[in-house]
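Peer 1: There's a structure below that I have some questions on.
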Amino acid sequence: MTLRRTTTRHSTAMDAAGSSSGRSATAVRVRVKHRNRPMDEGGIRFLSLLRNAMVFAIAYLVFVGVGIAWVDLLDHVDRKGYLALEKLDIEGLGHTTQQQVIMAADLNGFAGRRINLMRLNLRSISERIAELPWVARVTLDRDLPHRLVIQVEEQKPVALGQFKDSGFWLINNLGVAFKKAEGEEGRGLVVFNGLDPEDLKDAVVGESSRLAYLLRFYSRYQESPLPSVLKMSDVSLKDDSINAGMYPPAGPRVEVVFGRHGFEKKMARVAKVYPEALKANKEPVWIFANNRRKPNWVTVRYDGNET
């Protein structure tokens, strides 16, 4: 038996035409179909991470580039002195001196230091200035290219507090004992006597404290008609009652007992009774306005215990 080898050849039409044998060949076209296979979850996660990493890398490079450019710009400005601090204006001073503010801000000798205004940490400077005892608030503003403005608001003392074992302290309208009185500081202010050491705080005093209570009482006094008749010099809490030392325009000190409640009405009655008491040609030295049985009564005691 003779075996024949059969060969099947796939060629293009051009190959068939270019054949030297001249034999005709059958052109066969092969079509390959590509099927879109769905990407698995791992691949999707990988592409998402890759995209996020690229975005982060680009943002980081931009950020670093901008930062380097900014630092180079500031260095150039420093060398040329384009934004150097040349003028410092400090406003609102009374008890605080300009030198105290300049030293607290660390700006002493600023004219020769060529301090760049844009490099100043205004928040840090403001906090240091606010630590000065008479400073209540402070604001700083850059006035480019060469000026810095510091606006200071000082404390407004309304009373002088006498604290046990701590001496006299200046008290502002918020009930803060912000500074120990020195020399003539606090002269002419009403004195709150007999305060406890726990009332001496560097923050706003609680509503239930003795100091806050006396401040509310003094506020009622300022709003009443009594200041036009008697000027309050000192206040104290005695035996569950507020006692106030007062002075008329001319005459001796008068102690007035107000109790703990109903101050507005009691002050109005005292303001009305005191001028009437002067008509007796005697000088009142003690007034009792806390008669619980007869709330509308006011008892006046003259010098020599005469009532």
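Peer 1: Taking the simple approach of a point 7 Å from Cα along Cα-to-Cβ for both Arg147 and Arg216, what is their distance in nm?
Peer 2: Result for the modelled spin labels: 4.7 nm.
Peer 1: Also: Using only Cα atoms, locate the centre of the range 130-201 and the centre of the range 262-307, then give the distance between them in Å, rounded to an integer.
Peer 2: Cα centroid of the range 130-201 versus Cα centroid of the range 262-307: 36 Å apart.
Peer 1: Just to verify a number: FRET efficiency for Arg128 and Glu223, C-beta to C-beta distance, R0 = 51 Å, to 0.05?
Peer 2: Plugging the Cβ-Cβ distance into 1/(1 + (r/R0)^6) gives 0.85.
Peer 1: Which of the three applies to the range 46-162, rounded, prolate or oblate, going by the alpha-carbon gyration tensor with a ≥ b ≥ c and a/c under 1.5 meaning rounded?
Peer 2: Because a/c hits 1.5 or more and a/b fails to exceed b/c, the range 46-162 counts as oblate.
Peer 1: Short version: ³J(HN,Hα) in whole Hz for each residue of the range 44-55, in order, from phi by Karplus 6.51 cos²θ - 1.76 cosθ + 1.60 (θ = phi - 60°), x for Gly and Pro, what are they?
Peer 2: 4, 5, 5, 5, 5, 5, 5, 5, 5, 5, 5, 5
Peer 1: Could you order peptides 87-98, 162-173 by the average number of other Cβ atoms within 10 Å of their residues, highest first?
Peer 2: Packing proxy ranking, top to bottom: 162-173, 87-98.
Peer 1: Follow-up question, since we're still on this one. Using 0.36 nm per residue of separation minus the Cα-Cα distance, give me the extension gain between Asn281 and Lys87 in nm, one decimal.
Peer 2: Net length gain for the segment: 63.3 nm.
Peer 1: Which of the peptides 116-123, 289-296 is most tightly packed, and how do the rest follow, going by the mean number of other Cβ atoms within 10 Å of each residue?
Peer 2: Output ranking for 116-123, 289-296: 116-123, 289-296.
Peer 1: Mind giving me the FRET efficiency for Arg119 and Glu182? R0 is 30 Å, r the Cβ-Cβ distance, nearest 0.05 is fine.
Peer 2: Once the sixth-power term is evaluated, E becomes 0.20.
Peer 1: Separate question: For the range 157-302, what does the alpha-carbon gyration tensor say about shape, rounded, prolate or oblate, given a ≥ b ≥ c as the root eigenvalues, a/c under 1.5 as rounded, and a/b over b/c as prolate?
Peer 2: prolate
Peer 1: What's the extension gain from Val191 to Asn52 if we count 0.36 nm per residue and subtract their Cα-Cα distance?
Peer 2: Extra length available between Val191 and Asn52 comes to 43.2 nm.
Peer 1: Going 7 Å from the Cα of Gln98 along its beta-carbon direction, which residues of the range 132-150 have the amide nitrogen within less than 16 Å of the resulting point?
Peer 2: Residues passing the 16 Å test: 147-150.
Peer 1: Using a cut-off of 12 Å between beta-carbons, work out the net charge of the residues near Leu226 (Lys and Arg +1, Asp and Glu -1, Leu226 not included).
Peer 2: Neighbourhood net charge equals +4.
Peer 1: Checking the table Lys164/Lys265; Lys179/Lys238; Lys231/Lys265 against a 24 Å threshold on Cα-Cα, which pairs fail?
Peer 2: Lys164/Lys265; Lys179/Lys238
Peer 1: Expressed as a rounded percentage, what relative contact order does the range 87-154 have, with Cα pairs under 8 Å and six or more residues apart?
Peer 2: Across the range 87-154, relative contact order equals 46 percent.
Peer 1: Still on this structure, please answer the following. Taking the Cβ of Asp141 as the center, what net charge do the other residues with Cβ under 11 Å away carry, scoring Lys and Arg +1 and Asp and Glu -1?
Peer 2: My count for the surroundings of Asp141 gives -1.
Peer 1: Roughly how many nanometres apart are two label points built 7 Å out from the Cα toward the Cβ at Ala69 and Asn173?
Peer 2: In this crude spin-label approximation the distance works out to 5.0 nm.
No value in this document is a laboratory result; all are computed from the given coordinates. As the structure is a computational prediction, the values presented were derived from the model and not from experiment. Cβ coordinates were reconstructed from backbone atoms using ideal geometry, including for glycine residues, and neighbour counts include every protein chain displayed.
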